[in-house]
């Protein structure tokens, strides 16, 4: 089946009891056993739930992978990956990461003896130079949050295989609709399903996808042992979202590309970050590994003051000032005071994250309405 068909049907069959076409929400904590240890595939809902199973199979199919595991949030999924390792293990990560990921790495797991180096992953040699004897994983986002840098996944796969270390790709911004890292050789793909996969700003969740049977078993053990699982209603809402992922992403990408081009031509804007623009340094790689450039756009005003950026993001009407992204409605934010506020200023500046940066999650509203809203807010 093609992607759009799998988005609607993978992992889901009509309910055998009623014929209901939608996967039921199995609101149960436990399951009756025929004899001790003999059951119909489920024993306790922390370990497994039929609604969650449907979502996990659906997401695995969308990533063209064998296994999916769902979690209560994207950070809960990230936490599970880090629990594969132990004190003294070293991780090389891209230097432009979601602020929550950076916080989890440095303020939680670093306390337990794990070591992290953050490098510009758009330069493969910097990744190679950072890898040492204790390195166990390379962690990348592509496109990154919020600078939309592009990392060559195929090159990262080559490096990690040569060094016998894991490659994890946070595919939240691209979604499996635009990019499938497992097919390129990545070991694990992570999603904040809160974002484009859910798509309606009404559910929080996360997922890990892999085709490695051993990794799946180890991660499933952590999922069950630590218990950071989504509830069945959360899974149902996310399944509802994936059904329209293909059509939504088409509109997100179309609107974002037009907004990025319009901003680039506006004399009030100094810099636009969007991998669909030929001026973007990662444009060629993005064209090679993505089917479209996504729905996220970041930019800096000519007046590069933090105060001006704060004023501008507070003046929009259709673009709502809020954290998160990937919903049908357009959002605007000021990363350093919102999603990336936990990252120390010197670290942000070293990565190129300006205090005046503005990030857009371009929704699926009418394009002209979005332009008019931004135009008035820029002033």
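Every number in this text was worked out from the coordinates using simple rules, so none of it is lab data. What you see is a predicted model; the values in this text were computed from it and never measured. Don't worry about glycine lacking a Cβ; one is built from the backbone with ideal geometry, like all the others, and counts go over all protein chains shown.
Results, tabulated for the structure shown:
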item: Spacing of the two label points (7 Å from each Cα toward its C-beta) at residue 44 and residue 18, in nm; result: 2.9 nm
item: Acute angle (nearest 10 degrees) that the helix 153-163 long axis makes with the longest principal axis of the chain, alpha-carbon atoms; result: 60 degrees
item: Rounded Å value of the spacing that divides the Cα centres of the range 103-130 and the range 214-266; result: 25 Å
item: Normalised contact order of the range 245-378, rounded percent, pairs of Cα under 8 Å and 6 or more residues apart; result: 28 percent
item: Most mobile listed residue (287, 235, 177) in the chain, GNM with C-alpha springs under 10 Å; result: 287
item: Antiparallel DSSP beta bridges within the range 110-214, as percent of all bridges there, nearest 5; result: 35 percent
item: Within the range 272-309, backbone nitrogen closer than 20 Å to the virtual label 7 Å beyond the Cα of residue 321 toward Cβ; result: 297-309
item: Mean separation of Cα contacts under 8 Å, 6 or more apart, over the residue count of the chain: relative contact order %; result: 17 percent
item: Of every Cα-Cα pair in the range 245-378, the percent that sits beyond 19 Å; result: 48 percent
item: P(r) weight above 33 Å for the chain, C-alpha pairs, percent; result: 29 percent
item: Residue 161/residue 28 FRET efficiency (R0 51 Å; Cβ-Cβ; nearest 0.05); result: 0.75
item: The range 274-350 and the range 38-75: distance between their alpha carbon centers, rounded to Å; result: 32 Å
item: Most fluctuating residue given options 224, 49, 145, as computed from a GNM of the chain linking Cα atoms under 10 Å; result: 224
item: Antiparallel DSSP beta bridges within the chain, percent to nearest 5; result: 55 percent
item: Efficiency of FRET between residue 311 and residue 345 - r from beta-carbon atoms, R0 30 angstrom, step 0.05; result: 0.90
item: Exposure proxy order (Cβ contacts within 10 Å, fewest to most) of 4, 201, 87; result: 87, 4, 201
item: Distance between modelled label sites at residue 126 and residue 250, nm, 7 Å Cα→Cβ extension; result: 3.8 nm
item: Cα gyration tensor category, rounded, prolate or oblate, for the range 1-57 with a/c compared to 1.5; result: prolate
item: The range 76-93 and the range 184-211: distance between their alpha carbon centers, rounded to Å; result: 18 Å
item: Choice from 196, 274, 31 with maximal GNM fluctuation in the chain (Cα, 10 Å cutoff); result: 31
item: Mean separation of Cα contacts under 8 Å (6+ apart) over length of the range 168-267, as relative contact order %; result: 24 percent
item: Rounded, prolate or oblate (a/c below 1.5 giving rounded, otherwise prolate when a/b exceeds b/c) for the range 172-255 by Cα gyration tensor; result: oblate
